[in-house]
Amino acid sequence: MSHAFVFDTGHTWADFLATRTNVHGPAPSEWLTTAQAARNWFDAAGLGPAQPPQEADLPLIHAAREALRTTILTRLGYPLPPLSPDLASATALLRQVAHAASDPVGAPESWSVALTRIVVSSTVDLAQPASRFLTCAEHVCSKVFSDRGDVRQRYCSSRCATRARVRSHRVKRTTDDG
């Protein structure tokens, strides 16, 4: 499955979470289905590792992403998707993943170092007040994004806002016709 990755949350860790969409819906969509897709995402995120992930690395990449989702959504007080790991397991996995990177500025030596940078950046960002972060009100999205503070924002993007308006209009039209 080929995807144009979207980097619109203002945080690499939140964009990483967005590589699995519709997490609260009946059929979540996985964007990192192959090692090449994971490599493409790391490259697009500016974290292209010298040693890219292999197919055998995908389960750990997925597990780390879902562990990160559990810790972040728990910290922000939002509901967890079905089949999420418990907080203790998620925290333990992230501690295992987040080892010290040798060079915090240069290109990561491996995908695991790139993943470490994502986890570390999330801990720095989440030291901020939880009110700085929101989840998209579009139930099939639920993407975490930064509250810009200057406007009342319920959706992560205009695409999600439009999707919600169209659905609301269709429901209203159906109700009015019935």
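The values are calculated or read from the model by the stated rules, or taken from the named source; none is laboratory data. Note that this is a predicted model, so its numbers are computed, not measured. Virtual Cβ from ideal backbone geometry, glycine too; neighbours counted across all protein chains shown. Only protein heavy atoms, including side chains, enter the accessible area calculation; ligands, DNA and RNA are left aside. Shrake-Rupley method; radii C 1.70, N 1.55, O 1.52, S 1.80 Å.
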| note | When region 24-42 is checked residue by residue, the ones that are closer than 15 Å to Ala4 by Cβ and not polar (S, T, N, Q) are Trp31, Leu32, Ala37, Trp41
| task | Working only within region 69-126, note down all residues that are among the acidic types (Asp, Glu) and without any contact (Cβ under 8 Å) to a residue 24 or more places away in the chain. | result | Asp86, Asp103
| query | Here are some conditions: (1) of a type in the set (Asp, Glu); (2) farther than 19 Å from Thr9 by Cβ; (3) crowded, with 18+ Cβ neighbours inside 10 Å. Glu66 meets all but one. Which one does it not meet? | reply | (2)
| field | Given (1) open to solvent by less than 30 Å² (accessible area, probe 1.4 Å); (2) farther than 21 Å from Leu134 by Cβ; (3) touching a Phe, Trp or Tyr at 6+ places or on another chain (Cβ under 9 Å), number of the condition Arg39 does not satisfy | value | (1)
| task | Evaluate region 155-162: report whether one residue or more is of a type in the set (Lys, Arg), open to solvent by 60 Å² or more (accessible area, probe 1.4 Å) and over 18 Å from the mean Cα position of the chain (by Cα). | result | no
| message | Could you go through region 27-35 and let me know if any residue there is open to solvent by less than 60 Å² (accessible area, probe 1.4 Å), more than 19 Å from Leu126 (Cα to Cα) and of a type in the set (D, E, K, R). | response | yes
| query | Out of all the residues in region 139-154, which are within 15 Å of the chain's Cα centre (by Cα) and either outside any strand (DSSP E or B) or not small (Gly, Ala, Ser) (or both)? | reply | His139, Val140, Cys141, Ser142, Lys143, Val144, Phe145
| query | Hey, among Val113, Val105, which residue is out of contact with any helix residue (DSSP H, G or I) (no Cβ under 9 Å at 6 or more places or on another chain), assigned to a loop (DSSP other than H, G, I, E, B) and over 24 Å from Cys136 (Cα atoms)? | reply | Val105
| Of the residues Asp125, Asp147, which is open to solvent by less than 50 Å² (accessible area, probe 1.4 Å) and charged (D, E, K, R)? | Asp125
